Amino acid sequence: MTADRRPEQDPRHPDEHFEPYELDASIPWPLLGISIALGVWGAATLFDTRRHEERAQVERVEDTQLATGQAVEPGHALFEASCATCHQPDGLGIRGAVPPLAGSPFVRNGPELVANIMLRGIDGPIRVNDSLYDGHMPSFASVFTDVEVAELASYVTSRWGESNRALEAAEVAELRGRVADLGSFRGGAGVAEDTGFALDEQPTFASGTSQPVSPEISALIFEGRGGQWSCASCHGDLGQGRENTPRLAGLPTDYIVKQLGDFAAGRRINESMAVVVAELSNEEKRALGVYYAGLRVPSNARPDLGGDLERGEQLAREGDWSLTVPSCFSCHGPSGFGVATEFPPLAAQHAPYTASQLAAWAGGQRTNSSLDLMEHISSALSAADRRAVADYLASLPPVPAGSGDMLAEQGEGQ
Amino acid sequence: MNNYLPLSIISLGILAFATLMLVIAPGIEMARPEPPAGLQPYTVEEQRGRDAYVSMGCLYCHSQQPRAPEQAPDGERGWGRPSVSADYFYDSPHQLGTMRTGPDLLNVGARLPSESWHLTHLYQPRAIFEWSIMPAYPFLFEVKAEAEEGDVVVALPPEFAPAEGVVVASQEALDLTAYLLSLDRTYPAPQDGIRDDGYRPRGDAE
């Protein structure tokens with residue numbers, strides 16, 4: 001038996017072995033009540049202020065629109081996003097380059113004609129009032145839904161035309177079916193002829209592709225020669241390209257000639273192209289450039305790099321000055337349809353090609369521009385930004401457009 | 001330890017749960033997919049080419065599985081979108097591969113659709129890329145004094161062409177090229193396709 005070693009408690013001292021303990025007591029009800037009340041009050045406040053915030057936001061937007069005189073009509077936002085880059089927010093166009101909508105006989109004829117032009121695009125010269133414009137209106141058939149076309153056409157004609165008729169989506173759907181395979185209008189004369197509207201006097205259309213290709217050049221394009229593969233075997237029979245093989249249709253002749261020369265001289269590095277251009281004469285390079293510049297093919301490019309299209313649109317239209325990156329469109333033209341030789345069209349180019357070229361500019365593998373602009377811009381962009389902008393550009397309609405059945409014949413319907 | 005009933009129930013429950021999570025659920029998720037609308041079965045010629053691809057061990061240097069953009073810039077390289085399981089519907093044995101000594105080939109038919117390019121490249125890769133370390137496959141070709149009716153002549157730069165005669169592709173080279181050209185999974189991925197999502201959180205689709 002073990003004796004209790006603890007010394008006898010001296011009653012004069014406090015108990016040193018006492019363990020504190022707590023009696024079982026519930027939380028007093030006033031405390032519970034106050035916490036619940038506080039919780040309810042907090043939740044109610046959150047809910048209440050959120051509603052206020054939403055209200056305030058709506059009011060702010062309305063105030064801004066009042067202040068800037070913007071209409072809140074349907075179609076306005078779409079117009080700003082897709083049309084105003086060329087036709088300008090005030091619809092006055094760009095003198096000598098982009099025809100005005102305000103006072104235009106085309107717009108005066110009502111929303112149906114406007115919708116028709118949006119769906120088909122115009123390729124070739126048109127006359128608006130006393131000025132001639134020889135450009136390319138892209139086809140937006142693949143870009144806008146029937147509802148969007150209807151809204152835009154109604155918006156444009158009510159703002160700059162004399163019609164107040166709102167076009168219905170069903171009418172656009174019917175129109176879309178009718179014009180699907182017709183391709184672009186052939187100049188203003190083509191518009192007048194196809195639709196029967198009175199459009200003053202329109203210039204006649206002279207096709208850029210009417211020039212016949214010589215048999216030698218045709219053999220080069222479709223069959224190849226000696227140690228060279230044919231152009232079409234990689235770039236497609238219509239110059240439409242695929243993945244990182246670029247679309248050539250509609251690129252300017254001088255741009256193509258310069259790139260072919262750079263491949264031959266080693267200023268631009270691409271092993272397969274170097275083999276192909278090695279034995280091309282200058283005349284042949286030019287003939288190929290003329291051929292591809294004159295091709296009209298609808299887009300088969302898709303935004304398939306998983307890039308952020310909103311970010312891409314921001315970069316293309318506004319740039320990002322926190323990165324000192326100007327917008328693509330500031331040099332490559334509104335909608336990316338290209339400006340002169342130095343700024344090739346970007347719209348409808350394949351996303352993997354655009355992204356790989358941006359990466360090549362950034363990494364120093366491509367250096368063949370005399371302007372040294374793309375090196376800085378590309379290195380300032382992150383890989384995600386390059387994917388985003390390449391995807392956005394691939395989603396744009398090509399300028400000039402082509403007819404819808406061309407790619408279907410190639411088994412590459414969109 | 002004298003109450004066996006709860007113990008057995010709990011252990012059986014754990015086993016059932018593990019079977020559900022590790023066997024049944026993945027089984028349902030990876031059930032044999034339908035072939036995508038854009039994918040065609042291999043033709044006889046392409047299948048012969050595929051057999052040549054397998055037998056020559058192309059797999060040891062070329063993968064057939066483009067990665068998600070979060071993992072590698074495969075999309076920018078033109079190698080195509082991240083593949084999904086349904087893309088391999090007709091592939092047996094699959095040739096996914098892990099080594100990327102050479103480029104990924106799952107979409108080579110889309111990015112290099114030129115038959116004559118492939119024939120030149122198979123005959124002598126260095127005729128195009130002087131830095132290429134891919135072996136040449138001259139045994140798939142024949143040197144003939146003159147091309148006969150129906151022969152496919154290989155386009156070669158003068159320094160790689162034989163001193164006399166022309167290089168003609170054998171049936172095996174044509175089959176292999178047909179298989180390479182058939183590698184085209186650029187159709188949109190099926191919505192329910194199981195794919196490599198990289199590090200992107202689920203639900204954050206493009």
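The values are calculated or read from the model by the stated rules, or taken from the named source; none is laboratory data. Every value quoted in this text rests on a predicted model; they were computed, and no experiment measured them. Cβ sites come from the backbone with ideal geometry, for glycine too, and all protein chains shown count toward neighbours. For accessibility, only protein heavy atoms count, side chains too; no ligands or nucleic acids. Shrake-Rupley method; radii C 1.70, N 1.55, O 1.52, S 1.80 Å.
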Checklist entry - Angle, helix A:351-363 long axis vs. longest principal axis of chain A, Cα atoms, 0 to 90°, nearest 10? => result 80 degrees
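I'd like to check one number: the per residue accessible area of the protein assembly as shown, probe 1.4 Å, reported in Å² as a whole number. Walk me through the numbers on the way to the answer.
Details: 33890 Å² over 620 residues.
On a per-residue basis, the protein assembly as shown sits at 55 Å².
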Next on the checklist: Please report the carbon-and-sulfur percent of the accessible area for region A:76-195; probe 1.4 Å, protein heavy atoms only, DNA, RNA and ligands left out.
Outcome noted: 50 percent
Next on the checklist: For chain A, set up a GNM with springs between Cα atoms under 10 Å and report which of A:Ala348, A:Ala170, A:Ala102 has the largest fluctuation.
Outcome noted: A:Ala170
Checklist entry - If you line up the long axis of helix B:4-19 against the longest principal axis of chain B, both from Cα atoms, how many degrees apart are they, to the nearest 10? => result 20 degrees
Next on the checklist: How high is the relative contact order of chain A? Use alpha-carbon pairs under 8 Å, at least six apart in sequence, and give a whole percent.
Outcome noted: 14 percent
Checklist outcome for this item: Once phi for every residue in region A:321-337 is put through the Karplus expression 6.51 cos²θ - 1.76 cosθ + 1.60 (θ = phi - 60°), the whole-Hz ³J(HN,Hα) values, with Gly and Pro written as x, are 6, 5, 9, 6, 10, x, 6, 4, 5, 5, 10, 7, x, x, 6, x, 8
Checklist entry - Most mobile of A:Gly33, A:Gly266, A:Gly121 per a Gaussian network model of chain A (Cα springs, under 10 Å)? => result A:Gly33
Next on the checklist: How far apart, in nanometres, would the label points at A:Leu132 and B:Ser55 be if each is projected 7 angstrom from Cα along the Cα-to-Cβ direction?
Outcome noted: 6.7 nm
Item to check | Chain-alone versus full-assembly comparison, region A:360-402, residues with accessible loss of at least 40 Å² (1.4 Å probe) | outcome: A:Arg387
Checklist entry - Under a point-charge model restricted to the Cβ atoms of Lys and Arg (+1) and Asp and Glu (-1), what is the dipole moment magnitude of region A:309-394 relative to its Cα centre, in debye to the nearest 20? => result 160 debye
Next on the checklist: Take A:Thr45 and A:Ala25, extend 7 Å from each Cα along the Cα→Cβ direction, and tell me the distance between the two endpoints in nm.
Outcome noted: 3.0 nm
Checklist outcome for this item: Connecting every pair of Cα atoms under 10 Å apart in chain A and solving the GNM, the largest mean-square fluctuation among A:Asp15, A:Asp254, A:Asp130 falls on A:Asp15
Checklist entry - Per-residue ellipticity at 222 nm for the protein assembly as shown, helices alone: DSSP H runs ≥ 4 residues times -39500 (n - 2.57), over residue total, nearest 500 deg cm²/dmol? => result -12000 deg cm²/dmol
Checklist entry - Short version: ³J(HN,Hα) in whole Hz for each residue of region A:109-117, in order, from phi by Karplus 6.51 cos²θ - 1.76 cosθ + 1.60 (θ = phi - 60°), x for Gly and Pro, what are they? => result 7, x, x, 5, 5, 4, 5, 4, 5
Checklist entry - Are there trypsin sites (Lys or Arg not before Pro) in region A:85-155 that DSSP puts in a loop and that have at most 11 other Cβ atoms within 10 Å, and which ones? => result A:Arg95
Item to check | Inverse mean reciprocal Cα-Cα distance (Kirkwood Rh) of region B:1-57, Å | outcome: 16.1 Å
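For Cα pairs less than 8 Å apart in space and 6+ apart in sequence, what is the mean separation divided by the residue count of region A:76-195, i.e. the relative contact order in percent?
28 percent
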Checklist entry - Taking H as built 1.01 Å from N, whose amide H comes closer than 5 Å to the amide H of A:Leu396, not counting residues under 5 places away? => result A:Ala348
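Over region A:309-394, with every protein chain in place, what whole percent of the accessible area is carbon and sulfur at 1.4 Å, could you tell me?
It is 58 percent, rounded to a whole number.
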Checklist entry - Using modelled backbone amide H atoms (1.01 Å from N, in-plane), which distant-in-sequence or interchain residues come within less than 5 Å of A:Gly294's amide H? => result A:Gly250
Checklist outcome for this item: So, relative contact order of region A:215-295 in percent, Cα under 8 Å, 6 or more apart, is 31 percent
Item to check | Karplus-derived HN-Hα couplings along region B:113-128 (A = 6.51, B = -1.76, C = 1.60, θ = phi - 60°), whole Hz, x at Gly and Pro | outcome: x, 8, 4, 5, 4, 5, 5, 4, 5, 5, 5, 7, x, 6, 5, 10
Item to check | Protein heavy-atom accessible area occluded, A/B pair - total, 1.4 Å probe, Å² | outcome: 2000 Å²
Checklist entry - If you place +1 on the Cβ of every Lys and Arg and -1 on the Cβ of every Asp and Glu, how big does the dipole about the Cα centre of chain A come out, in debye to the nearest 20? => result 1300 debye
Next on the checklist: Output the 0 to 90 degree angle, nearest 10, between the alpha-carbon long axis of helix A:169-179 and the longest principal axis computed from the alpha carbons of chain A.
Outcome noted: 40 degrees
Item to check | For region A:309-394: rounded, prolate or oblate by the Cα gyration tensor [a/c cutoff 1.5] | outcome: rounded
Next on the checklist: Quick check: from the Cα gyration tensor, does region A:262-414 come out rounded (a/c under 1.5), prolate or oblate?
Outcome noted: oblate
Checklist entry - Beyond 35 Å, what percent of the Cα pairs of chain A remain? => result 43 percent
Checklist entry - How about region A:230-272: which of its residues lose at least 30 Å² of accessible area in the presence of all protein chains relative to their chain isolated, using a 1.4 Å probe? => result A:Ser233, A:Cys234, A:Arg242, A:Glu243, A:Asn244, A:Glu271, A:Ser272
Item to check | Descending principal axes extents, region A:97-247, alpha-carbon based, whole Å | outcome: 63, 33, 24
Checklist outcome for this item: With T = 4 °C, eta = 1.567 mPa s and Kirkwood Rh from C-alpha pairs, the Stokes-Einstein D of region B:48-182 in µm²/s is about 81 µm²/s
Checklist outcome for this item: Along the dipole axis of chain B (charges at Cβ: +1 for Lys and Arg, -1 for Asp and Glu; origin at the Cα centre), the most positive-end residue among B:Leu122, B:Ile24, B:Ser132 is B:Ile24
Item to check | Amide hydrogen neighbours beyond the local backbone of A:Arg366, cut-off 5 Å, H modeled | outcome: A:Trp361
